[in-house]
Amino acid sequence: MRTPIIAGNWKMYKTMPEAVEACRRLEEMVEDSAAEVVVCAPFTTLSALSALGLAKVKIGAQNMYFAEEGAFTGEVSPLMLTDVGVQYVIIGHSERREIFGETDELVNKKVRAALEHELTPILCVGETLEQRKDGQTETLVDGQIRLAFSGVAPEAAPTVVVAYEPIWAIGTGETATAEQAEEVIATIRATLTQLYGAEIAEAIRIQYGGSVKPANISELMAKPNIDGALVGGASLKPEDFAAIVRY
Ligand code: 13P
């Protein structure tokens, strides 16, 4: 059985005091939940959040560079993340791909670097509205998965968490229906089965992301291949995020 994983992506929101307060409140509300709970917070808050030493709420970053150190102005390395107690890192979010030009090759380097440093990568894939209308969703997502997992050993693959985030559903209030999400997520698992065999593919957790709210989480989680959610806007309010965790 795959443990459900609900992760919040705070994006570029929250100062340090706001972040600390939100994590403390969240911890109280989700303490006895069966799901794995992760908050992916801005870099500037990570050290303070992991110093809280919360038992239930785990801390993640939203990005990193793949090198351990070097002349890479403005970047943060996997070593720097583990150094402050971070355990998860979002890789290849569509905002990184679209706004900051991240390619599948770079995403692959970051996934492998995260695994080498014992960080759990939350690997994001997903199509634009245009690609969906053109009927390219499955081919595109299949390609993103194959490139992102390239060079990832079978033993390491189950550590990766995949997040299927259709770009047209992010921050738009327009959620993919549970059926649409399940359909693509099942094809992702089929790709992983081709790459690693059924046993490993069945162990890999796949989340859905895009306008997840307390009102739609149960329907999504009822689908056999959906193992969790990557939540943007609704993760900013501890009450809403806790309601999602306790779907
Ligand atoms: P929203 O939940 O705000 O649509 O954002 C989804 C997302 O991008 C999570 O990574």
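Computed from the coordinates by the stated procedures, all read-outs in this text should not be read as laboratory data. This structure is a prediction, so every number in the text was calculated from the model and none was measured. Glycine also receives a Cβ, built like all others from the backbone with ideal geometry; neighbour counts cover every protein chain displayed.
Per the Debye calculation on region 79-120 with a single equal scatterer at every Cα and no solvent contribution, log₁₀ I(q)/I(0) for q = 0.26, 0.32 Å⁻¹ amounts to -0.88, -1.03. Under a 5 Å amide H cut-off, with hydrogens placed 1.01 Å from N, residue 58 pairs with 37, 38, 39 among residues at least 5 apart or on other chains. The GNM of the chain, with springs linking C-alpha atoms under 10 angstrom apart, assigns the highest mean-square fluctuation among 181, 198, 169 to 198. Its relative contact order, with pairs defined as Cα atoms under 8 Å and 6+ residues apart, puts region 172-241 at 35 percent. As a rough footprinting exposure proxy, the listed residues 89, 212 were ranked by other beta carbons within 10 Å of their own, and the order from fewest upward is 89, 212. Among 164, 88, 196, the largest mean-square fluctuation in a Gaussian network model of the chain (Cα springs under 10 Å) belongs to 196. Rounded to the nearest 20 debye, the dipole size of the chain about its Cα centre is 260 debye, using +1 on the Cβ of Lys and Arg and -1 on the Cβ of Asp and Glu. Taking a ≥ b ≥ c as the square roots of the eigenvalues of the Cα gyration tensor, an a/c ratio of 1.5 or more together with a/b larger than b/c marks region 164-247 as prolate. Between 182, 28, 165, the Gaussian network model of the chain with springs among Cα atoms under 10 angstrom shows the greatest mean-square fluctuation at 28.
Under the simplified labelling scheme, the residue 239-residue 83 pair shows an inter-label distance of 4.0 nm, with each label point 7 Å from Cα along Cα→Cβ. Is region 70-203 best put as rounded, prolate or oblate by its Cα gyration tensor, with a ≥ b ≥ c the root eigenvalues, rounded for a/c under 1.5, and otherwise prolate when a/b is larger than b/c, oblate when not? Oblate, since a/c reaches 1.5 and b/c is not below a/b. Charge dipole of region 104-247 (Cα centre as origin; +1 on each Lys and Arg Cβ, -1 on each Asp and Glu Cβ, all else neutral): 260 debye, rounded to the nearest 20. A simple rule links phi to the HN-Hα coupling: the Karplus curve 6.51 cos²θ - 1.76 cosθ + 1.60 with θ = phi - 60°, which for region 54-60 gives 5, 6, 9, 7, 9, 10, x Hz, with x for Gly and Pro. For residue 89, nonlocal amide neighbours, meaning residues 5 or more places apart or on other chains whose placed amide H falls under 5 Å from its own, are 61, 120, 122.
Under 1.5 on a/c is rounded, so check that first for region 1-101, then, if it is not, pick prolate when a/b is larger than b/c and oblate when it is not; a ≥ b ≥ c are the square roots of the alpha carbon gyration tensor eigenvalues. Cα axes put region 1-101 in the prolate bin.
Here the chain yields Rg over Rh of 0.93, to two decimals, using C-alpha coordinates and the Kirkwood radius.
Can you tell me, using C-alpha contacts under 8 Å and at least 6 residues apart, the relative contact order of the chain as a whole percent? The normalised contact order for the chain reaches 22 percent. Past 26 Å, Cα to Cα, is the threshold; run 110/213; 11/110; 56/109 against it and keep the listed order. With Cα atoms farther than 26 Å apart: 110/213; 56/109.
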